[in-house]
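Engineer: Just passing along the structure, written as structure tokens.
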Amino acid sequence: MKSVLECNLLFDGIKLIKDASVLIEDNKIVSTGKRGEFKEASPSIIQVEFLMPGLIDMHVHIAGYEEEAPSGVPFRPVKKFLRLLIYNGITTVRDVGNNLETIMYLKRWIEKYPGPMIYSSGPLLDKPPLIWAHSRIVTNPQEAKIEINRLYIEGVDLIKVYKNITDDVLKIIINEAHSKGLKVAGDLSINASDSSKMGIDTLEHIVNLIDESYLNNEQKILLPKDKMRREIMIWKIVNLKSDKIKQLIEDLVKNDVYICPTLLVLKRSYFVNEMFEEPNLNYMIPIMPYHKYFKYMQSFIGKLFGLKYMKKYGHINILNKEETKIAKEAFQKMKEFIKILSENQVKIIAGSDSPNPSIVPGFSLHEELKLLIEAGLSPLQALESTTSVAAQALGKNDIGVIKPDAYANLLLINGNPIKNIEEINQIKAVILKGKLFKKEDLAEKVDIQ
């Protein structure tokens, strides 16, 4: 079946085209052209102000639970997660840490119901002491080879390596993964220059890019022991114009490493009051029910008692007034560094790290794009980071773009996010593999509490 879309402005993932038309047949794009060019191809023509590829969230963990039966019906909340993504125009996700059983089930589920395309690493590869239950232990090169082969057989789309992996093991993981056509994403403690030289494909979280090796001995004395406060201080005092930083940037460019900053989740972890001020918490409660307590904390009394509880039992760091001031300086520097990276042709990809506390699936990617623009990316570059550049990082040429033979995953917007990124949420409809879903129909499937 053929469909025709006409728009005032088309963003094809790379460039902007005025008064454009797109011809779709079944689940693929057939052609693009000028408005009116395909008027004979279909009896009905869909008109829209702004047309672009569906969004790609490059850092999620599709997870959830239910208080009534947290281990009895694990798939209900994750299906709610997927519906929220489509509702917000996200047609593809990269899941970078999850149980393989969850991913396998969801990949089958989206064959029957509206849901984003899923590319997943499955479990993390890490070394004890482990942080996450969805981890597999790799302590030496031999174990690395065995585990990569096992994950390849199990059908993962990429590999994710985590904090405790050592240099010698990382090198083997990357080589083995690449030999099987699998890309490697890293949330690492290893120096970013070193991991780039080993061939890492993407580095997760901007905060990880600069560690204490970029400081001099006098600066290192100032570092506190607490992990979060330590990373904040590193960013406050690091010289972004130093020769070491210049070398880091050169290494990232030379080795074609993509950076997924995840600014929103960092911002919320430093400034916890913003968690309670998140306007879309009602959408999060059916997926992560503990967010109902965040709602209670929107009152003065609720916040007073809630912050004490979070500090004691929630393992959430709460900064004092002076530490918050330092964190603001550090966060601003992270944004400055993203601009420097972009100006030096380091590729930036957008990821939300949902469902961390208050990081609501779908909505959070829109917020991430706003933060990337605040950091200095142009609106066009921000949209590229969640479409064509994201697809490149996945090694895919049939998503994130509007061109012949690409999947017909499209976002129809009653606005212009190039002029105002806020209008990214003025969604008229989402087309998922050629099927059109109106925003109001998607809204009926979304749970809100």
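Engineer: Please list, ordered by chain and number, the residues whose modelled amide H lies under 5 Å from the amide H of I159; skip anything fewer than 5 residues away on the same chain.
Structural biologist: K183, V184, A185
Engineer: Then there's this: Looking at L372, P355, I173, which one has the Cα that reaches farthest to the positive end of the dipole of the chain (charges on Cβ: Lys, Arg +1; Asp, Glu -1)?
Structural biologist: P355
Engineer: Points 7 angstrom from Cα along the Cβ direction at K225 and Q142: gap in nanometres?
Structural biologist: Here the answer is 3.7 nm between the modelled labels.
Engineer: Something else now. Given region 349-404, what whole percent of its Cα pairs are spread farther than 12 Å? Mind showing how you got there, number by number?
Structural biologist: On the way: 1007 of 1540 pairs.
That fraction is 65 percent.
Engineer: Follow-up question, since we're still on this one. Which of the trypsin sites (Lys or Arg not before Pro) found in region 370-440 are loop residues per DSSP with 11 or fewer other Cβ atoms within 10 Å of their Cβ?
Structural biologist: On the way: sites: K370, K396, K419, K428, K433, K435, K438, K439; in loops: K396, K419, K433.
The qualifying sites are K419.
Engineer: Can you tell which of V93, P123, V138 lies farthest toward the positive end of the dipole of region 59-168, using +1 and -1 charges on the Cβ of basic and acidic side chains (Lys, Arg; Asp, Glu)?
Structural biologist: The residue sitting most towards the positive pole is V93.
Engineer: A further question on this structure: For region 421-443 and region 82-102, what is the separation of their C-alpha centers, rounded to whole Å?
Structural biologist: About 16 Å separates the Cα centre of region 421-443 from the one of region 82-102.
Engineer: Does anything in region 211-241 have its amide N under 13 Å from the 7 Å Cα→Cβ label point of E322, and if so which residues?
Structural biologist: In region 211-241, the label zone of E322 (backbone N under 13 Å from the point 7 Å along Cα→Cβ) covers 224.
Engineer: Moving to a separate point now. Apply the a/c threshold of 1.5 to the C-alpha gyration tensor of region 212-287 and tell me whether it is rounded, prolate or oblate. Mind dumping the intermediate values first?
Structural biologist: On the way: a/c = 3.61, a/b = 1.60, b/c = 2.26.
In terms of gyration-tensor shape, oblate.
Engineer: Shifting gears a bit: Between helix 141-154 and the chain, what is the angle of the helix's C-alpha long axis to the longest principal axis, kept within 0 to 90° and rounded to the nearest 10?
Structural biologist: Here the helix axis deviates by roughly 20 degrees.
Engineer: Still on this structure, please answer the following. Could you go through region 317-332 in sequence order and give the Karplus-derived ³J(HN,Hα) for each residue, using 6.51 cos²θ - 1.76 cosθ + 1.60 with θ = phi - 60°, rounded to whole Hz, and x for Gly and Pro?
Structural biologist: 3J(HN,Hα) across region 317-332, in whole Hz: 5, 10, 7, 7, 4, 5, 5, 5, 4, 5, 4, 5, 5, 5, 5, 4.
Engineer: Quick check on region 13-118: take the gyration tensor over C-alpha atoms, sort the square-rooted eigenvalues as a ≥ b ≥ c, and tell me if it's rounded (a/c under 1.5), prolate or oblate.
Structural biologist: Details: a/c = 3.05, a/b = 2.54, b/c = 1.20.
Prolate.
Engineer: Still on this structure: Please arrange C7, C260 by counting, for each residue, the other beta carbons lying within 10 Å of its beta carbon, fewest first. Before the final figure, lay out the partial values.
Structural biologist: Values: C7 23, C260 28.
Ascending Cβ contact count within 10 Å gives the list C7, C260.
Engineer: If you don't mind, there's one more thing I want to ask. Express in % the proportion of alpha carbon pairs of the chain at distances exceeding 39 Å.
Structural biologist: Numbers: 19998 of 100576 pairs.
Counting every Cα pair in the chain, those more than 39 Å apart make up 20 percent.
Engineer: Compute, for region 72-185, the length of the dipole vector about the Cα centre, with Cβ point charges of +1 (Lys, Arg) and -1 (Asp, Glu) only. Units Debye, rounded to 20.
Structural biologist: Numbers: 17 positive and 11 negative charges, 99 e Å.
Computed charge dipole of region 72-185: roughly 480 debye.
Engineer: For the chain, what is the charge dipole size about the Cα centre, in debye to the nearest 20, if Lys and Arg each add +1 at the Cβ and Asp and Glu each add -1 at the Cβ?
Structural biologist: Numbers: 60 positive and 57 negative charges, 109 e Å.
With Lys and Arg at +1 and Asp and Glu at -1, about 520 debye.
Engineer: A 32 angstrom limit on the alpha carbon distance is what I want to check against. Which of K18/K295; K225/K333; K28/K160; K163/K445; K163/K241; K163/K308 exceed it? Write down the numbers at each step before the final one.
Structural biologist: Working: K18/K295 44 Å; K225/K333 21 Å; K28/K160 30 Å; K163/K445 37 Å; K163/K241 27 Å; K163/K308 29 Å.
In this structure, K18/K295; K163/K445 exceed 32 Å between Cα atoms.
Engineer: Okay, moving on. Please work out how much length the chain gains when fully extended from F271 to K339, using 0.36 nm per residue of separation minus the C-alpha to C-alpha distance, in nm with one decimal.
Structural biologist: Between F271 and K339, full extension yields an extra 22.3 nm.
Engineer: Here's a follow-up. Take N175 and K112, extend 7 Å from each Cα along the Cα→Cβ direction, and tell me the distance between the two endpoints in nm.
Structural biologist: Each label point lies 7 Å from its Cα, and together they span 4.5 nm.
Engineer: Here's something else I'd like to know. Under a point-charge model restricted to the Cβ atoms of Lys and Arg (+1) and Asp and Glu (-1), what is the dipole moment magnitude of region 170-287 relative to its Cα centre, in debye to the nearest 20? Before the final figure, lay out the partial values.
Structural biologist: Details: 16 positive and 17 negative charges, 44 e Å.
Here the size comes out at about 220 debye.
Engineer: If you don't mind, another one. How long is the gain from D447 to Q332 if the chain were fully straight, where each residue apart is worth 0.36 nm and the alpha carbon distance is subtracted?
Structural biologist: In short, 37.9 nm is gained.
Engineer: In region 20-115, what % of DSSP beta bridges are antiparallel (nearest 5)? Provide the component values of the computation, followed by the final result.
Structural biologist: Values: 6 of 10 bridges.
Of all bridge pairs located within region 20-115, approximately 60 percent are antiparallel.
Engineer: Also, I was wondering about something else. In region 199-224, which residues have a backbone nitrogen under 11 Å from the label point lying 7 Å from V253's Cα in the Cα-to-Cβ direction?
Structural biologist: Counting backbone N atoms under 11 Å from the label point, the list is empty.
Engineer: Can you give the Rg and Dmax of region 318-449 based on its C-alpha atoms, in angstrom?
Structural biologist: Expressed in Å, the Cα Rg and Dmax of region 318-449 come to 17.0, 55.
Engineer: Work out the charge dipole of region 202-279 with +1 on the Cβ of Lys and Arg and -1 on the Cβ of Asp and Glu about the Cα centre, then indicate which of N217, T202, C260 is farthest towards its positive end.
Structural biologist: The Cα lying farthest towards the positive end belongs to N217.
Engineer: Enter the per residue convex hull volume of region 164-280, computed from alpha-carbon coordinates, in Å³ rounded to the nearest integer. Could the numbers behind the result be given before it?
Structural biologist: Values: hull volume 15.9 nm³, N = 117.
Dividing the Cα hull volume of region 164-280 by its residue count gives 136 Å³.
None of the figures in this text is laboratory data; all of them are computed from the coordinates on show. Not measured: the values here are computed from a predicted model. Virtual Cβ from ideal backbone geometry, glycine too; neighbours counted across all protein chains shown.
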